[in-house]
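Participant: Right, I'll just put the structure down here and ask away after.
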């Protein structure tokens, strides 16, 4: 197997040089047309600071923006202007489960359009039809499976790809949940585009971006000039550029800062200091069908909205 490595040089540029070319606000609230969000303090959870929770995942699908509503057991559809369109209520969701990351695919011999859903609290994958009725399930509280913490899920060419953060593996299943391969990974995110799976791996003491062709089996590695013990969250790969995030502890402070790096096709590494992320989300950055990358922001001082900002590098 042949590996290709590119040594990446460092070029630091402030976030203020980027331009938000597009932005929309999603409504937060308790009404039917809004996403419900609480803080741990409001839910009588005793932590040192208020941490919001409720929506666990946001993704583009076709011309819509879909959001999981973990406190209402549903996913909600908005248009690209942030207007409510519809919702799918998961009527069979058990009381002990929480809507986590989700994706669209098909299920069964008739290839019925379906929603694959990670349980954010348990090692369970649910399958719902487009009316919200449960039509399949993998794992349960009584049954032990290889899954411990299913965190991210994608559907590609009849297979389900599940990132388990406790196992540090991306497990591959068919629609009957028969397991195929397992891909070792070292991040909390991955991407599948044009039958190529991109994620973070390790090689010779360094983190590498691995591009794995799911059809040919070819693996291409791009070496990152960061040590293997650095906490990296892979964001996306687009137009020969890699986007990934890194958590940095701030000097003389107990707080951390999340920074985004863009590695362009000329092998320049560009740093964008973005501050704190909406850490309650599975993905704080999402990508649309045109490859544009968006950052999801939540400001506790503006508790009635989530902001989706397009990042233009």
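No value in this document is a laboratory result; all are computed from the given coordinates. Quick caveat, the model's predicted, so the values are computed rather than measured. With ideal geometry, Cβ positions are generated from the backbone for all residues, glycine too; neighbour counts draw on all protein chains shown.
Participant: Each label point is 7 Å from the Cα along the Cα-to-Cβ direction; what then is the distance between the points at residue 289 and residue 193, in nm?
Facilitator: 1.5 nm
Participant: For a label point 7 angstrom out from the Cα of residue 131 toward its Cβ, which stretches of segment 77-106 have the backbone nitrogen within less than 13 Å?
Facilitator: 89, 91-92
Participant: Relative contact order (percent) for segment 79-155, with alpha-carbon contacts under 8 angstrom and 6 or more residues of separation?
Facilitator: Values: 143 pairs, mean separation 22.2, N = 77.
Over segment 79-155, the number comes to 29 percent.
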